[in-house]
Amino acid sequence: MMKNENKFRLLIVEDDALVRKSTAGYLRNRGYETIEAENGIAALELFRKKCPDVLITDLRMPGLDGLELMKTAMQEAPDLPVIIVSGMGTIVDAIVALRQGAFDYITKPVQDMELILHSVERAVRHARLVKGERSRQEELEELVQKRTVELLQQNKMLEREMRKRQVQEAMVLHAKKEWERTVDALPDMIAIFDSEHKVVRMNLAMRDRLGSSYLEVLEIPCLFRQLSRGEQPARCPHEQTMSDGLPHTVELFDKLKEQDLEITTLPYQDPDGTLVGTVHIGRDITARKRAEKEKERLQSQLLHAQKLESCGQLAAGIAHEINTPTQFIGTNIDFLDEAMQDLSIFIRQMEKIRRNGPADISKQIGKALGDADWQYLSEELPRAIGQSRDGVRRVASIVQAMKEFSHPGSKEKKPRNLNQIIETSVTVARNEWKYVAEMDLDLDENLPSIPLLADEMGQVILNMLVNGAHAIGARLGDNPEAGKGLITIRTRLVGDTVHLTIADNGTGIPEEARPRIFDPFYTTKDVGKGTGQGLAISHDVISKKHDGHIDFTTETGKGTEFVISLPVNGGP
């Protein structure tokens with residue numbers, strides 16, 4: 001079967017026939033050629049026969065699961081974009097899949113097929129770019145290799161001619177000019193090294209990168225030490241190429257210029273085929289690295305948003321289920337309160353009868369009241385009913401907070417009461433902090449409503465509260481006599497800016513971690529206790545979505561204070 005070169009071929013792997021057929025039909029109607037497989041084993045066979053451009057696979061399948069299928073396919077086709085679509089995977093599965101090379105991860109059920117279409121379109125664009133880049137690189141490598149061999153052959157011929165005609169100086173100058181015209185025009189850094197790792201030739205881009213004159217460059221013993229400002233790879237790729245005669249690639253970071261570099265070494269042979277050195281092709285890959293980090297950040301946010309959505313749905317369901325029994329418990333307490341009042345009136349009447357009635361009746365009534373311990377019950381029953389009523393009110397307030405917290409938020413900023421969002425978040429997170437800390441709310445009652453994404457701002461505050469409680473818990477350890485810590489939340493209006501301060505007296509942030517606490521996936525917590533996404537997402541919500549600012553001060557062993565500044569007008 002010949003592939004239609006005008007269409008991109010998609011291999012869809014799904015053991016649910018209905019999902020598989022509907023997905024294939026939808027993408028086929030959008031101009032893509034689709035092939036289908038009901039399990040991983042059948043998919044691998046189709047993959048090897050049909051050579052698809054994009055692989056879309058479920059995660060959990062009998063025989064060969066999605067991760068194993070992806071791993072095998074990417075070993076045979078390293079540039080193949082793989083999109084995982086699963087409804088059974090966990091957040092850990094998603095992270096593992098992305099780290100192993102998955103292009104995207106989509107959770108089922110897919111409510112909007114546009115999500116799959118968008119992912120496929122990005123994967124197709126990625127595939128085009130990768131193919132184009134690889135083709136360009138192969139052409140360039142072939143050109144350099146070919147031209148290098150040609151130049152060596154020509155140099156040998158020139159040397160013979162120079163000896164014959166005594167025009168050595170003119171011919172060397174001619175060869176040098178030809179090299180400069182050919183290689184200096186290339187944007188990549190190119191140099192030739194002999195077997196002792198001494199520079200033979202290099203182009204203008206390489207000399208500019210090193211910032212040295214040509215004569216100074218000739219004295220450099222190792223190019224990699226110079227480019228990485230003293231930090232070499234574990235083994236020099238020049239030595240590896242000289243050892244096995246194969247190309248090798250390493251990545252370096254130039255601290256001085258804050259750029260990422262990719263260096264490739266290719267075998268350099270004389271006309272007789274003898275390995276006499278290496279050709280180095282250096283490339284600035286800073287933009288590519290930044291794009292990869294941005295992709296990782298966006299994927300992290302997507303996974304976190306999906307997790308929050310699931311948690312919100314669960315919270316809403318729990319709140320609904322709790323609400324009904326809370327209502328009839330409250331009704332019963334009201335009934336008991338009224339019954340107690342009626343009973344008290346009856347007992348007072350009995351007391352009056354006991355005082356004024358016949359002696360034998362008075363004695364029997366007194367004994368009955370004593371046996372019932374009415375004196376104690378008359379004091380404790382109203383107190384117990386009042387405490388029960390307070391408990392029901394407390395449950396109702398928690399249910400209301402859960403409803404507010406799980407309510408789907410708007411994607412557009414709307415005027416919101418920041419104090420109310422704080423109080424709701426404090427109520428929802430109460431189980432995280434109540435055992436280790438006291439809560440001090442110092443909220444400005446005159447704070448104006450400001451444009452906010454309420455659900456995302458609530459998640460920021462929740463992240464801060466949980467982090468503060470964990471820091472205090474870590475400081476207290478197993479020492480119950482140390483007493484509880486303190487979390488303080490304060491709001492103030494300063495000019496045209498609202499300041500939100502969240503402080504704790506926990507362990508503080510370690511000095512080595514302070515420059516990286518807002519980086520995605522960075523965490524100071526033990527494995528399994530933190531994903532490193534909370535503060536990274538909080539920073540993104542404050543700075544990018546609200547045009548605000550977040551900063552912190554911290555002292556080891558004393559605590560941490562986060563200060564969030566939000567513009568009253570909501571920013572641009």
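The values are calculated or read from the model by the stated rules, or taken from the named source; none is laboratory data. The structure displayed is predicted, hence computed values, not measured ones. Neighbour counts are summed over all protein chains in view; Cβ atoms, including those assigned to glycine, are modelled from backbone coordinates with ideal geometry. Heads up: the accessible areas ignore ligands, DNA and RNA and are worked out on the full protein's heavy atoms, side chains in. Shrake-Rupley method; radii C 1.70, N 1.55, O 1.52, S 1.80 Å.
Structure notes:
- The alpha-carbon of LYS434 sits under 25 angstrom from the alpha-carbons of these lysines, leaving out residues fewer than 8 places away in its chain: LYS307, LYS403, LYS484, LYS525, LYS529, LYS558.
- Accessible area (Å², per residue) of the range 118-199, counting only protein heavy atoms and a probe of 1.4 Å: 66
- Nitroxide proxy distance, nm - points 7 Å out along Cα→Cβ at GLU292 and SER388: 6.5
- Pairwise centroid distance, computed over Cα atoms, of the range 41-68 with the range 444-472, Å: 44
- Rounded FRET efficiency, nearest 0.05, which uses the C-beta distance separating ARG28 from ASP547 and R0 of 60 Å: 0.90
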